[in-house]
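The values are calculated or read from the model by the stated rules, or taken from the named source; none is laboratory data. These numbers were taken from a predicted model, which means no experiment stands behind them. No Cβ is skipped: glycine too gets one built from the backbone with ideal geometry, and neighbour counts run over all protein chains shown. What goes into the accessible areas is simple: the full protein's heavy atoms, side chains included, and nothing from ligands, DNA or RNA. Shrake-Rupley method; radii C 1.70, N 1.55, O 1.52, S 1.80 Å.
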Amino acid sequence: MDNKERIYIFDTTLRDGEQAPGYSMNLDEKIRMAQQLESLGVDILEAGFAIASPGDFASVQAISRAVQDVTVASLSRALEKDINAAWEAVKEARRPRIHTFLATSDLHLEYKLKMSREQALEKAVAMVRYARNLCGEVEFSLEDATRSDLDYLCQVVEAVIKAGAQVVNLPDTVGYATPDDMKRMVGSVMNRVPNVDKAILAVHCHNDLGLAMANTLAGLQAGARQAECTLCGIGERAGNAALEEIAMALRTRNDAFPFYSNLKTEEIYRSARVLTSITGVKMNPSKAIVGANAFAHESGIHQHGMMANSLTYEIMTPESVGVLTTSLVLGKHSGQHAFEKRLVDLGYGLGKEEVIRLFGEFKSLADRKKTITDRDIIALVESTSKPSSVTWELDSFVVNSGNMMTSTACVTLKKGEKKFQEVACGTGPVYASLRAVEKIIRHPFGLEDYNLQAVTEHRDALGEVVVKISDGSGIYRGRGVSTDVIEASILACLAAINRMLDESVPRNVTGVKVTSAPNFSNDMLSSHSDKQKESSDE
Ligand code: KIV
Ligand code: ZN
C-alpha cells in the first residue's frame with residue numbers, strides 16, 4: 001500500500017444515526033443494515049447503546065451474533081451498570097468493543113455532570129479499567145472535546161491510554177469546531193501526550209455548521225486514524241460526517257489524503273439504498289455521492305464536455321460508488337432465470353423461496369407494465385417483505401370515485417386463510433381505502449405522513465408510496481409500490497400496520513423515538529384527508 005497509512009472506519013449509523021428523529025429501525029432492519037455495512041467493509045460497527053432499553057440491548061446482541069468480519073461496539077456512559085450492559089450485549093461478537101464516554105468540557109462538567117475536572121479524570125480512568133477487565137478492546141470518548149481545555153484534554157487522554165484504552169476519540173459533539181481547530185487539537189494531542197503511540201486517535205464530527213466532513217479530514221491530516229461517521233450523514237441534529245463522502249474523498253483526493261481504508265466503495269450506493277428503503281426517508285437529490293443528481297449532467301455545455309472526455313466534469317465514476325449505469329430491460333416474457341440473474345447483478349443475494357415469491361410479483365407487474373427497469377426491480381424488492389403470521393395482506397379492493405361525489409372503497413384483507421371485508425367513505429379514494437383498512441384491523445391509527453412519487457419517468461411508471469402512521473405507542477413506516485396509486489397506498493399502509501402490530505418493533509423504549517415525533521391524533525385520517533386527496537388525484 002505504498003507506505004500509506006490505514007484509516008479505520010467506525011460506523012455509527014445504528015447508534016448516533018438511529019438516534020435522529022425518523023430513523024428508528026426494528027430488529028430485523030438493524031440486522032439487515034448491519035450486514036450491508038459489513039459488506040461495505042466498515043471496520044467497527046457501533047450497534048447501539050445497550051443500556052438505553054431492552055430493545056436496544058437485544059439489537060446490539062443480535063448484531064453481535066449476525067456479523068463476522070467487523071468489530072461490534074456498544075456505547076456506554078462511564079458507569080459500571082452501562083459498561084456491564086454493553087459487555088453483555090457485545091460479548092458474543094467475534095471482535096467486541098466497549099465504547100465508553102465522559103464529557104470533559106467545563107460546560108458539561110459544571111452543568112451536566114456536576115463534577116470537578118479531577119473527579120471526571122478519576123472516573124474516566126476507573127471506568128476504562130473496569131471496561132478493560134471485561135473486554136479486550138476499549139474505546140474512550142471525551143465528549144465535547146473540541147470545547148474542552150487543551151491541557152486538561154491532554155491529561156485525560158494520557159490517563160485513559162495508561163488505564164488501557166486502545167482507541168481515544170475526540171468528538172466535536174456540538175459541531176462547533178473549524179478545520180483549523182481540529183488540526184490544532186489533534187496535532188497538540190499527537191505532540192504533547194507521551195503515550196499517544198499506544199492508542200489510535202479517533203475523530204467524531206457533527207454537522208451543525210456543515211463542517212463535519214471538513215473537520216474529519218482535518219483530524220485525519222493531523223494524525224487521527226479512526227474516522228467516526230454514518231451513512232448519508234444521518235445523526236443527532238444536523239447529523240454526523242457522511243461515510244460515503246469520507247470514503248470518496250480518500251479515494252478521489254488521495255494526493256491530499258494519502259491514506260487507505262478497507263471500504264469497498266462500490267457498495268456505497270447499495271448501502272445508501274438499504275438505509276433509505278428501511279427508514280423511508282428520501283435522499284436529497286443533491287446529496288454528494290449518493291443523491292439522484294450526483295452524477296447527472298443536465299446542461300448542454302456539461303453534456304458536450306462529458307461526451308468529448310468524461311474527465312471534463314466527472315471527478316469520480318458512478319461505477320466507483322456502485323451507481324447502476326446499465327439499463328437492461330425485462331418484460332413479461334422474461335423467465336425466472338433472467339430475473340434471478342438481474343437480482344444478483346443488482347446485488348441481492350436472496351434465498352430461493354424469496355426469489356420465487358418476488359418472481360410472482362414481477363410477473364403480475366409485467367402484466368400491467370410493458371418494460372421493467374432496474375429501478376422497478378429495486379422498488380419491488382425493497383417494498384415487499386416476507387409476510388409473517390400476524391401479517392395483514394391485501395386481497396382485493398374496489399373504489400368508486402369522482403369529482404362530484406364522495407369516494408367509497410370496499411377493501412378485502414387476508415389474515416392467514418381468513419378474509420375480512422369493509423366499506424368506507426372519504427373525501428378521496430385513498431382516504432376511503434385507508435378508512436376501510438382501519439375498520440378491518442380494529443386498531444385506530446393516525447396518518448403522520450404520506451408521500452407519493454413515481455419510480456421511473458414514463459406514464460406507466462410504478463407509484464411508490466411511503467406512509468408514517470402512529471397509534472400513540474410509536475410511529476411506524478411502510479412502503480408500497482404498484483402501477484395503481486390506491487393499491488400502492490393500501491400496501492404501504494399495511495406494511496406500516498404490520499410493523500405497528502409486530503411485537504418486536506420497539507415502542508416507547510428510548511423516549512427519543514417517540515417524544516421527537518410530531519403530535520398525533522387518532523383521528524388523523526380525517527385531518528389529513530386533504531393531503532391524501534391531493535396525492536390520490538394524481
Ligand atoms: O457526539 C458525541 O460526542 C458522541 C459521543 C457519545 C461519542 O456521540
Ligand atoms: Zn455523536
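Between the helical axis of 54-66 and the longest alpha-carbon principal axis of the chain there is an angle of about 80 degrees. A cut-off under 14 angstrom between Cβ atoms defines the neighbours of ILE200, and their net charge, with Lys, Arg +1 and Asp, Glu -1, is -2.
When ASP345, ASP16 are compared by accessible area at a 1.4 angstrom probe, the order from most to least is ASP345, ASP16. Spatial offset of the stretch 416-474 relative to the stretch 135-160 amounts to 50 Å, using the alpha carbon center of each.
Expressed as a whole percent, the accessible area of the stretch 336-383 that falls on carbon and sulfur atoms is 56 (1.4 Å probe). Between the amide H of ASN262 and those of ILE9, distances stay under 5 Å, these residues lying 5 or more places away or on another chain, with hydrogens modeled in the peptide plane. Database remark: amide H of THR483 closer than 5 angstrom to the amide H of GLY463 (H placed geometrically; neighbours at sequence offset of 5 or more, or on other chains; Pro and chain starts carry no H).
Size of the dipole of the chain about the Cα centre, Lys and Arg at +1 and Asp and Glu at -1 on the beta carbon, nothing else charged, in debye to 20?
860
LYS414: which aspartates and glutamates have alpha carbons under 18 Å from its alpha carbon, excluding same-chain residues fewer than 8 sequence positions away? The reachable aspartates and glutamates, counting only those whose Cα sits under 18 Å from LYS414, are GLU361, GLU393, ASP395, GLU422, GLU438, GLU487, ASP502. Roughly how tilted is helix 80-90, in degrees to the nearest 10 and between 0 and 90, from the longest Cα axis of the chain? Tilt of helix 80-90: around 60 degrees. On the basis of the beta-carbon distance and an R0 of 60 Å, ARG251 and ASP367 show a calculated FRET efficiency of 0.90.
Per-peptide packing, taken as the mean over residues of other Cβ atoms within 10 Å, places 190-196, 165-171 in the sequence 165-171, 190-196 from highest down. The order of the peptides 410-422, 215-227 by mean Cβ neighbours within 10 Å, most packed first, is 215-227, 410-422. Projected label points at ASP449 and LEU501, each 7 Å from Cα along the beta carbon direction, are separated by 2.4 nanometres. The string of couplings for the stretch 329-343 from the Karplus curve (6.51, -1.76, 1.60, θ = phi - 60°) is 10, 10, x, 5, 8, 5, x, 4, 4, 5, 5, 4, 5, 5, 4 Hz, one whole number per residue in order, with x for Gly and Pro. Counting only residues at least eight positions apart within a chain, or on another chain, the lysines with an alpha carbon under 23 Å from that of LYS198 are LYS4, LYS123, LYS162, LYS183. Between helix 268-279 and the chain there is an angle of about 60 degrees, using the helix long axis and the longest principal axis of the Cα atoms. Taking other residues whose beta carbon is less than 10 angstrom from the beta carbon of THR13, and scoring Lys, Arg as +1 and Asp, Glu as -1, yields -2. Packing here is the average count of other Cβ atoms within 10 Å per residue, and on that basis the peptides 442-453, 107-118, highest first, run 442-453, 107-118. If you plug the beta carbon distance of LEU311 and HIS333 into 1/(1 + (r/R0)^6) with R0 = 56 Å, you get a FRET efficiency near 0.90.
Entry comment: accessible area of the chain is 44 Å² per residue, from protein heavy atoms only and a probe of 1.4 Å. Express in whole angstrom the spacing between the alpha-carbon centres of the stretch 179-209 and the stretch 78-123. Rounded to whole Å, the Cα centres lie 19 Å apart.
Within the assembled protein chains, the solvent-accessible surface assigned to ARG375 is about 120 Å², based on a 1.4 Å probe.
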